[in-house]
Each structure stands twice: as structure tokens, then as C-alpha cells.
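A short worksheet on the structure shown next.
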Amino acid sequence: MGNNEKNWGYEAVFYQIYPLGLCGAPFANDGVQEHRILKVIDWADHIAELGCSAVYFSPVFESDTHGYNTRDFRKIDCRLGTNEDFRQVCDALHEKGIKVVLDGVFNHVGRGFPQFRDVCEKKWESQYKDWFYINFDGNSSYNDGLWYEGWEGCFDLVKLNLKNPAVTDHILDAVKYWIEYFGIDGLRLDVAYSLDFDFLKRLRSFTDSLKDDFFLIGELLHGDYSRWVNPEMLHSATNYECYKGLYSSFNSGNMFEICHSLKNRFGPENWCMYRGLHLLNFVDNHDVTRIASILSDPAHLPLVYTLMFGMPGIPCIYYGSEWGTKALKSEGDPALRPAFEKPVENELTALIKGLCRARRECRALSYGDLSVPVLTNKQCIIQRDYDGERVFIAINADNSPYTAHFNAGYGLADDYVTGGTHDFGGGSLLAPMSAHIWKCK
């Protein structure tokens, strides 16, 4: 069903940065060039020390405002700096063994995109009129004297015609430049569920020909992810299907919710939806409420991260959340995408370092199958097996201790959370509000 060959992306821990936010750029493009993106170089040590092996950058190219309304696919946003600046950032990350993945916003562009401006000015005479979905008999809310399709009714986002070879050539030419000049290692495709399948197939073939381990992730929300994630199209996709269960299972005291989702999608039965797929897991990102704000009990914060690292898929950490930053979606997107002077170290970052180490050292966390030998309302133990290696992820989301009795098949295990040795004999005692990753030995 999926992409079963091994790939660096399947074994990675991603760190997501929203650069316009982190670097303190103004919301609207003021046309003033500042070298803000170089700030990321100062964060490279923090990212490496956490144990993250890839950075996913939200939009970095010239745009009208928030980055997703692109003006120029080949130019770093002047609010962030120059192409040379960003190349320095990519080089600094690569020197630390960290891959670079960019946000590929290919479904739409901004109203400041030159080819769209040309259509607005020349109408029928524009050579770019077929780059978009235009009706010259209508009008837009901007009184352009023409109607055009926007993305989901957002008319600052002008939908591209990906059936037009000139459009796809323009995009692929930019991607080739990003690979050759910046040395990027992959793309996260914005609103991949809106992209033309033929375009995705061509993009996959094209990037495979330029870099054989190039990694493609799609932003997917609903639907059957395997329609997009397969050997012809994407390597991975955002796992929104399990996102809600990750936090609501803790808030409602119902671990059955997330475990049912995991078993339904990644269990051993042939009918399970996503066996063989490696989806991008997250507890928050640039579009949703921070996990520290959405959890009802702050004591569950380390537990939800442990579960996210232990479930099938690829963990992704959103900048600032590794030390428990709070923000609500209701406060607006800028609140979710703030500037930070420097990273913070605390108990949560220390835990995440241990989880990243487990991810590096336990192949079963990247490729293992899944079963759930212990499951109650507030406790669960997830089992991952791969090539003779067995790992357990144990969660106790209750204020009381819990002793789990099950056949582990081993006597002892290394504990990646406590750093000690776990003995399965006589039952496995879980302290209140605790989480563990046990690698059997």
C-alpha cells in the first residue's frame, strides 16, 4: 500500500519553524530587506541538541503577507533576507546533519504574483490568462474587472491552473533551483488535498530524478491518505486523523479513542487503513492551538509527547512548544507564530531529548508494527515490533499508580524516559502521570 522502502524521512524527527514569525518580520510585506533569517543559525545548536534531524520551514519566499500568498518562487522574502542568507542557514543545518524541508505552496499564489498582475492589467491580451481560473465576464471583490478562483473562497490566494504545462514548468524550475542552490532535501506541500494528481506524479518523478532520497510530505486533513501517499506521489502526509485523539484522549480520560485510531490505521490486520505508511505526527503546528493550551491538565504534557513519539509515523515538534509555550487559535494565527529571542531549556525539553534518542536507537519506533496489550480509560501500553526488536510505550494518565500485568516476552528493558532499567517481573508499576519507552533486552 505505502512506500515501504526505507528513507531518511521515515526515521527523522522534524522541527517546524514558521520563519516570518520566529524572526519577528512584519505581517505585511513592507519591501524593506532585513537579514532576519540568519537568526535560525543561532538556533541550530538547540535543534541538534534536542535530537531533531530535519527542519521543516513554513514559507520563506517573497509573499504579500503570511507567506502562503507567494509573489516569487525564486526569491527569499525580503523581510527575511536574501537567497545568500538562506543558503547560509541551509549550510549551517546541513553541517550538523540536519535535513532541510521547505513549504511548497503550489496550489495558489498571492495577488502580487507578477503573472496575475499582468492578467489584471491586460485582461484577454495577457499571455498568462490561462495560468489561473479566470472569467472575464465577472468581477472580483477587489474590483479587478474579472473574476478568478481563490482557494476555498480566500481571494488573496489566487488558484493556479496546474493543468497548464507553463505553470508546472515554472514551479518545477523553481524546485530545481531550490535543490541546486540551497541543497534542500524535501518539500511539505501546502493543501496537498487540493493539488492535481497528475501534477503530484510529475513532481515526484522530477524530484526523484534530481535527488534520489528527496522527501515529499503533503498537507492532508480528511479522506483516504493512501490516495496521495504511495510510490507514485507522496512519501508522507500530515496525520490530522490522529491529531485530535492525541489530546482529547487525555482531556476526556479515554485512551480508547487514540488507541482505536491507531489500531484502525496501523494495526496488524490487512484491512487496517495505513499499514506501511509513515505519516507526519504532531501535537500542534502553525495552524492549531498550542498543545500546552489545549490540554486540560498540564501534567499530561510530557505524556502526550511520549505517545506521539511512540506511535507509528514521524514525530514533528513545533518551535516553542518543546518548552511548553501557550497560544490559542482563537487569538489569531499571529499568536500561534510568535518571535522568540532564544530557545528555552526545561524539564520538557530534557524529556524530548530522551524521546529523540529513543527514536534514533529503536528501529521499531520507525518501522515496527503495532499492538496494544494493555488498555483502560487512563492507561495504555503500546507494543512495537521490528526485526527482532521490541519496544513498549507505557502511559498512565491517572493521578493514582497503576500496575500493568501482561506478557512482555522479555524480562528487562532500557527506559528512555528515566534512563534506568525496567523489570517486567511481578507486573509493571506505572507511577501517577507517568510515561515510559521501554526497549526490551
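The values are calculated or read from the model by the stated rules, or taken from the named source; none is laboratory data. Just so it is clear, the structure is predicted and the values come from calculations on it, not from any experiment. Every residue, glycine as well, gets a Cβ built from its backbone with ideal geometry; the counts of neighbours run over all protein chains shown.
Structure data summary
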item: Where a residue in the range 272-292 is within 12 Å of Gly313 (Cβ to Cβ) and touching a residue at least 60 places away in the same chain (Cβ under 8 Å) and its partner, wherever it lies, is in a strand (DSSP E or B) and of a type outside the set (A, V, I, L, M, F, W, C), with Cβ under 6 Å and at least six apart; result: His278/Ser236; Leu280/Ser236; Leu280/Thr238
item: Test set (1) among the β-branched types (Val, Ile, Thr); (2) more than 21 Å from Arg87 (Cβ to Cβ); (3) in a strand (DSSP E or B) - Val55 fails condition number; result: (2)
item: Output for the range 64-83, where each listed residue is of a type outside the set (S, T, N, Q), surrounded by 22 or more Cβ atoms within 10 Å (Cβ to Cβ) and not in a loop (DSSP other than H, G, I, E, B); result: Ile76
item: Residue satisfying all of: in the range 293-329; touching a residue at least 40 places away in the same chain (Cβ under 8 Å) and among the polar types (S, T, N, Q); surrounded by the fewest Cβ atoms within 10 Å (Cβ to Cβ) among these; result: Ser296
item: Strands (runs of 3 or more DSSP E) wholly inside the range 397-441 that include at least 2 residues being farther than 20 Å from Leu365 by Cα; result: 402-404, 428-430
item: Index of the failed condition, Ser366 passing every other in (1) out of contact with any helix residue (DSSP H, G or I) (no Cβ under 8 Å at 6 or more places or on another chain); (2) surrounded by 17 or more Cβ atoms within 10 Å (Cβ to Cβ); result: (1)
item: Exclusive hit being touching a Gly at 6+ places or on another chain (Cβ under 6 Å), at pLDDT 95 or above and among the polar types (S, T, N, Q), set Thr403, Thr376; result: Thr403
item: Cross-chain or 6+ apart pairs with Cβ under 8 Å, the range 341-360 first and among the aliphatic types (A, V, I, L, M), then assigned to a loop (DSSP other than H, G, I, E, B); result: Leu348/Gly324; Leu351/Val417; Ile352/Gly51; Leu355/Gly51; Leu355/Tyr416; Leu355/Val417; Ala358/Tyr416
item: Enumeration of residues in the range 378-395 that are closer than 14 Å to Ser434 by Cα and out of contact with any helix residue (DSSP H, G or I) (no Cβ under 8 Å at 6 or more places or on another chain); result: Ile381, Phe392, Ala394
item: Any hit, the range 116-129, residues being touching a residue at least 40 places away in the same chain (Cβ under 8 Å) and more than 19 Å from Asp30 (Cα to Cα); result: yes
item: Filter result for Tyr240 (closer than 29 Å to Ala327 by Cβ, touching a residue at least 12 places away in the same chain (Cβ under 8 Å) and either of a type in the set (D, E, K, R) or touching a helix residue (DSSP H, G or I) at 6+ places or on another chain (Cβ under 7 Å) (or both)); result: no
item: Filtered residues of the range 84-140 (kept if under 28 Å from Ser194 (Cα atoms), part of a helix (DSSP H, G or I) and of a type in the set (Phe, Trp, Tyr)); result: Phe116, Trp124, Trp131
item: Residue count, the range 278-312 (criterion: in a loop (DSSP other than H, G, I, E, B) and either at pLDDT below 95 or touching a Lys or Arg at 6+ places or on another chain (Cβ under 8 Å) (or both)); result: 7
item: Hey, Ile47 at pLDDT 95 or above, assigned by TED's automatic domain parsing to the domain that holds Pro315 and in contact with a helix residue (DSSP H, G or I) (Cβ under 6 Å, 6 or more places away or on another chain) or not; result: no
item: Residue check for Tyr15: buried (at least 21 other Cβ atoms within 10 Å of the Cβ), closer than 27 Å to Ala358 by Cβ, assigned by TED's automatic domain parsing to the domain that holds Thr325 and not hydrophobic (A, V, I, L, M, F, W, C); result: yes
item: Test for Ser248: is it buried (at least 24 other Cβ atoms within 10 Å of the Cβ) and at pLDDT 95 or above; result: no
item: Boolean, Gly145 is over 21 Å from Leu216 (Cα atoms), out of contact with any Leu (no Cβ under 9 Å at 6 or more places or on another chain) and small (Gly, Ala, Ser); result: yes
item: Residue within the range 82-89 that is among the charged types (D, E, K, R) and either free of Cβ contacts under 8 Å to residues at least 40 places away in the same chain or in contact with a Cys (Cβ under 7 Å, 6 or more places away or on another chain) (or both) present; result: yes
item: The listed residue being under 18 Å from the mean Cα position of the chain (by Cα) and modelled with pLDDT of 95 or more, out of Leu221, Leu172, Leu200; result: Leu221
